[in-house]
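Asks: I'd like to ask you about the structure that follows.
The values are calculated or read from the model by the stated rules, or taken from the named source; none is laboratory data. Just so it is clear, the model here is predicted, and its values are computed rather than measured. Virtual Cβ from ideal backbone geometry, glycine too; neighbours counted across all protein chains shown. Just so you know, the surface numbers come from the protein's heavy atoms only, side chains and all, with ligands and any DNA or RNA stripped out. Shrake-Rupley method; radii C 1.70, N 1.55, O 1.52, S 1.80 Å.
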Amino acid sequence: PDRWQVSTYPNGPALKAAYEAERRRHKIALDQGRCTGLNWGGEGPWSHGPGKPGGRRLCYFDGNDAVIVWTHERLGQPTHRDILVIARESGSDHAGLTRWWRPWHHVLGKAV
């Protein structure tokens, strides 16, 4: 992405409040739409794999920027952190941002 930022939170409720504020600010409906290289615009959960929740994500266009926002939740794992990440890619390159996001949303938030 052209720009990205990571914010850490002391606990799950604080992280969820920050995520909800972003979702409401950009008027993204819960559990609707997709964030893929083909479809861009929506909100929903993401997981590390079957039965392994990871957090939530939303995506939208902001002018000429493709934007993805996601949480990586601790969920009781001592080696994880509660984080919120916002990444932007200019040129409305949501396909490129999707390719970048795929590996990173699993690892950002893990700490030893």
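Asks: When the accessible area of the chain is computed with all protein chains present and a 1.4 Å probe, what percentage of it is carbon and sulfur?
Replies: On the way: 3260 of 6110 Å².
Roughly 53 percent, rounded to a whole number.
Asks: Take T36 and W104, extend 7 Å from each Cα along the Cα→Cβ direction, and tell me the distance between the two endpoints in nm.
Replies: It is 2.2 nm.
Asks: Measuring with a 1.4 Å probe in the full set of protein chains, what accessible area per residue, in whole Å², belongs to the chain? Don't skip to the answer; put the middle values down first.
Replies: Details: 6110 Å² over 112 residues.
Heavy-atom SASA per residue in the chain reads 55 Å².
Asks: Now a separate question. Can you work out the PRE-style zone for S90? Point 7 Å along Cα to Cβ, and I want the residues of region 45-75 with backbone N under 20 Å.
Replies: Counting only backbone N, you get 60-69.
Asks: Further, regarding this structure: Roughly what would the spin-label model give for R3 and K27, points 7 Å off Cα along C-beta, in nm?
Replies: In this crude label model, R3 to K27 measures out at 2.2 nm.
Asks: Can you find, among G54, W70, Q5, the residue sitting farthest towards the positive end of the charge dipole of the chain, where Lys and Arg contribute +1 and Asp and Glu -1 at Cβ?
Replies: It is G54.
Asks: Another question about this same structure. Output the Cα-based Rg and Dmax of region 40-112 in Å, rounding Rg to one decimal and Dmax to a whole number.
Replies: Taking only Cα atoms of region 40-112, I get Rg and Dmax of 12.7, 39 Å.
Asks: Magnitude of the Cβ-charge dipole of the chain, K/R +1 and D/E -1, about the Cα centre, nearest 20 debye? Walk me through the numbers before you get to the answer.
Replies: Working: 16 positive and 11 negative charges, 55 e Å.
Roughly 260 debye, rounded to the nearest 20.
Asks: Just order 94-103, 64-73 by mean Cβ neighbour count inside 10 Å, highest at the front, would you? Numbers along the way, then the final one.
Replies: On the way: 94-103: 16.5, 64-73: 22.2.
So the order, starting with the most tightly packed, is 64-73, 94-103.
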